[in-house]
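The values are calculated or read from the model by the stated rules, or taken from the named source; none is laboratory data. Just so we're clear, the structure is a prediction, and the values are computed from it rather than from any experiment. Neighbour counts run over all protein chains shown; Cβ positions are idealised from the backbone, glycine included.
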Amino acid sequence: MSKTRSVLSFFLIISFITISNSVVYSQNNGGENLIDEIVVTSQKRANAIAAQDLPVSVTAINEELIIRSDSLDLTDVGRMVPNATLHPSATFAGTPNFLIRGIGVSGTTRSLDPTVGIIVDGVYLGFPVGANLDMFDRESVEILRGPQGTLIGRNVTGGAIVVRSKRPSGNFGAKIDATIGDYNRKDFSASIEGPFSDKVSGKIAFMTRDRDGYWKDNNGGTMVPTAGAIARGYDETGTGDSGTKPDVDLTIIKPMLLIEPNENLDITFIAEFLTDKSGTANSRNFVNNDALRRTQLFGYTPPEDRYEINHNLMGGNDLEIETYVGEFNLRTDTGILTGIASYRELTYDSSTDFDGSPITLFHFPDNHEEQEQQTFELRYAGSNSENIDYVVGISYFDQEMFVGERRDFGVVDIAGVTELQHDSIGIFAELDYMITDRTKLTFGARWTEENKEVIFNAIGSCEKDFSSCSGPSSGLFRNGTYDDTTPKFAITHALNDDVNIYASYTQGFRSGSFDARARTIDSFLNSQPGPEEVTSIELGLKSTLNDGRIMFNLAVFQADYDDIQKLALEDCVVDINTCPSGRIQRLINAAEATIEGIEIETKINITDQFSIEGSLGYTDASFDKFEGFDADGVPGYDPVTDPAAAKALKFERVPELTYNIMANYYQPLASGAELDFRVSYSYTDDFTNNATMTKAIITESFGLLDASVSYTFAQSNLKLTLFGKNITDEDYHDFALDNVLTSLTWGGVPDTYGLRLSYSFE
């Protein structure tokens, strides 16, 4: 805690010095090295809005920074954003856990909606699998912090991540990018675009990414799919040429078409085809001295090298996603009518050695998942006068999911199936009113209604290939309807042309749910929590100082988090024989919490050639109440119900402090060539992987140092970049688990290096 306060104090002092000495920079730099204005699209307005003018905490990252930082996915992008902890995986590879300002989901229960919304090209992604998006061919990423229910929509109580693909420009152009690196990394991407006529143009982008794994499997695990998996065409993946895991084998094809019948209408079609046959998330067993684990009983001791494993199941993934998006924009005298329709289809097969040992204690040898979703949004953004801007709209979301899970405990091999149907409709409006030349009021609200149906077949009630299910714990049905109205109020005041202050009040909700991993009939039938609700108050300052050379933003927030959906112990109500202790674990609205924090973002263009930027996030997330919490995770123990005990619990996977510092230096050469240097350091405070702060699975604090140098050839668009990530080889892990069967960690990425060659022409 003392270290956190010291770092926070340091950032605040630096911020004060930055503002206080702004004139110095102004006098020394001649008015040329200006910070680029960043325009955001997430607010859905008719006119472009600069991020600095919004009463919203938002970090907007453009294509240049994505490329310069070698950000491969959203996890990499998140390290540049305060209070955004975007974990790449939970218990399954390809299933990330994203948390913003302490609010998120830790786990992979598919019936639980995410609390951080992922929106790609205007389309909300309802399924967490594949949501750690690759940054190939992305124009921008906007990360909005705090509830965003008014404009973004459903289940965005923590925040939203808005991703936009690079659209066709209507002009001829092409780009080629090739990367080689250690672990036999080979990346290649290319795009070409151009006009077909004066009204129609197109673009196609393509990429492949291939890399061996970071971890060596000493045991030489094998992959033996079930008959059902083979029938589905499950590709045996994850072995890698070098016998390491998890390897990477990713392909994306993205065609686009732009039609402009006249100057008032544009129609865009986007398709994306993704195939990911990478290896599974690495699970490494470790010795827990606090308890005797079954792995030690069988005489197994994990290797000392943190990148060595001994698996008897070489797991893998087989992920395929097809996405189709159509968008039109019709301009009128007073605004823009926009319509977006989409269809997304996903299939996912996976296999994981969950115990992390050469013994079959706990395997997920065959999981099969399917999702189909359709979305539609129609909105009108306009202006009634110079003082009023508004947006009104309606949205629809529908999805169907199939989740089949097979578990192998060595002596027993069982399977279960969950099917979920979900539809949602929302009506929203938001209005900006300039009451004076410097003061703006923002009012907004969204009404949402959701309908959910679930068919549950408990683990152990189905055939291993998911072909059929039978028995008293199969075919169980539940449904629910949830509706809510989430308002937003904000006021923004310009102190002068360079400094804005704002205050906002927002609400968000996550709809009710079911426990798709219930262990008993009782648990499923009585696990139907209602919606979560978040009320957030935020005060902020946004400034662009020294004639545009310094950007400094500050936000302070408090969120009241009610009816949190958590597993807790309750009295049995169906059959006492199913829970002899008299209590059973259910998913209920178990907790309340208060979350407070601070966010700082700054950028300083010191000279035309040298700039520094940084961000800091501080989150204090504590429970005010936690009903029925089992303090040590063993059913039958007395649950924690009093507020004092609840406050001792911690939010899972939420670091108290995160910060990032990046320096860039540009040097033109006499030959006409250019040199670019970049170095960045991102820090993540320690965090627990369960509420009780079990010592064995606490992720210790870590810092990642990255650096790169680029050479752009004279009179050319040819660039050569040498880069390194985690160059100090920091030891860290993204996820950890401690249970009766085993103690596991999912390791972080070691130091890696590469060389990238890129060329573009118009």
- Taking residue 85, is it hydroxyl-bearing (Ser, Thr, Tyr), crowded, with 22+ Cβ neighbours inside 10 Å and under 21 Å from residue 598 (Cβ atoms)? yes
- Hits in the stretch 400-415 - residues which are crowded, with 20+ Cβ neighbours inside 10 Å and under 24 Å from residue 153 (Cα atoms): 401
- Query: Given (1) assigned to a loop (DSSP other than H, G, I, E, B); (2) in contact with a strand residue (DSSP E or B) (Cβ under 9 Å, 6 or more places away or on another chain), where does residue 737 come up short, assuming only one miss?
  - Reply: (1)
- Message: Just to confirm my filter: which strands (runs of 3 or more DSSP E) fall fully inside the stretch 39-134 and include at least 3 residues that are under 28 Å from residue 433 (Cβ atoms) and out of contact with any Phe, Trp or Tyr (no Cβ under 6 Å at 6 or more places or on another chain)?
- Response: 57-62
- Item | residue 67 being buried (at least 24 other Cβ atoms within 10 Å of the Cβ), at pLDDT 75 or above, more than 17 Å from residue 604 (Cα to Cα) and of a type in the set (A, V, I, L, M, F, W, C) | no
- Within the stretch 495-506, is even one residue within 30 Å of residue 452 (Cβ to Cβ), modelled with pLDDT under 90 and of a type in the set (Phe, Trp, Tyr)? no
- Message: With the requirement that a residue be in a strand (DSSP E or B), surrounded by fewer than 20 Cβ atoms within 10 Å (Cβ to Cβ) and either out of contact with any strand residue (DSSP E or B) (no Cβ under 9 Å at 6 or more places or on another chain) or not charged (D, E, K, R) (or both), what does the stretch 256-267 give you?
- Response: 257, 259, 261, 262, 265, 267
- Conditions (1) modelled with pLDDT under 90; (2) out of contact with any Pro (no Cβ under 6 Å at 6 or more places or on another chain) -> residue 629 fails only (2)
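Conditions (1) crowded, with 22+ Cβ neighbours inside 10 Å; (2) at positive phi; (3) under 26 Å from the mean Cα position of the chain (by Cα); (4) not in a strand (DSSP E or B), marked per residue:
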{"position": "477", "(1), (2), (3), (4)": "no, no, no, no"}
{"position": "484", "(1), (2), (3), (4)": "no, no, yes, no"}
{"position": "487", "(1), (2), (3), (4)": "no, no, yes, no"}
{"position": "491", "(1), (2), (3), (4)": "no, no, no, no"}
{"position": "497", "(1), (2), (3), (4)": "no, no, no, yes"}
{"position": "505", "(1), (2), (3), (4)": "no, no, yes, no"}
{"position": "513", "(1), (2), (3), (4)": "yes, no, yes, yes"}
{"position": "528", "(1), (2), (3), (4)": "no, no, yes, yes"}
{"position": "543", "(1), (2), (3), (4)": "no, no, no, no"}
- Those residues of the stretch 605-619 which are more than 19 Å from residue 144 (Cα to Cα) and surrounded by fewer than 22 Cβ atoms within 10 Å (Cβ to Cβ) amount to 606, 607, 608, 609, 610, 611, 612
- Looking at (1) buried (at least 22 other Cβ atoms within 10 Å of the Cβ); (2) under 26 Å from the mean Cα position of the chain (by Cα); (3) of a type in the set (D, E, K, R), can you tell me which one residue 185 breaks? (1)
- Message: Given the criteria outside any loop (DSSP other than H, G, I, E, B), of a type outside the set (A, V, I, L, M) and crowded, with 20+ Cβ neighbours inside 10 Å, does residue 680 qualify?
- Response: yes
- Message: So residue 686 ticks every box in (1) surrounded by fewer than 20 Cβ atoms within 10 Å (Cβ to Cβ); (2) within 27 Å of residue 182 (Cα to Cα); (3) within 20 Å of the chain's Cα centre (by Cα) but one. Which box is left unticked?
- Response: (2)
- Query: Within the stretch 322-344, is even one residue touching a Leu at 6+ places or on another chain (Cβ under 9 Å), on the phi > 0 side of the Ramachandran plot and either crowded, with 17+ Cβ neighbours inside 10 Å or not aliphatic (A, V, I, L, M) (or both)?
  - Reply: no
- Of (1) surrounded by fewer than 21 Cβ atoms within 10 Å (Cβ to Cβ); (2) at negative phi; (3) not in a strand (DSSP E or B), residue 164 fails just (3)
- Item | Counted residues, the stretch 319-335 - those being among the β-branched types (Val, Ile, Thr) and within 27 Å of the chain's Cα centre (by Cα) | 3
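If a residue has to be among the hydroxyl-bearing types (Ser, Thr, Tyr) and either without any contact (Cβ under 8 Å) to a residue 12 or more places away in the chain or assigned to a strand (DSSP E or B) (or both) to count, how many in the stretch 135-160 make the cut?
Result for the stretch 135-160: 1.
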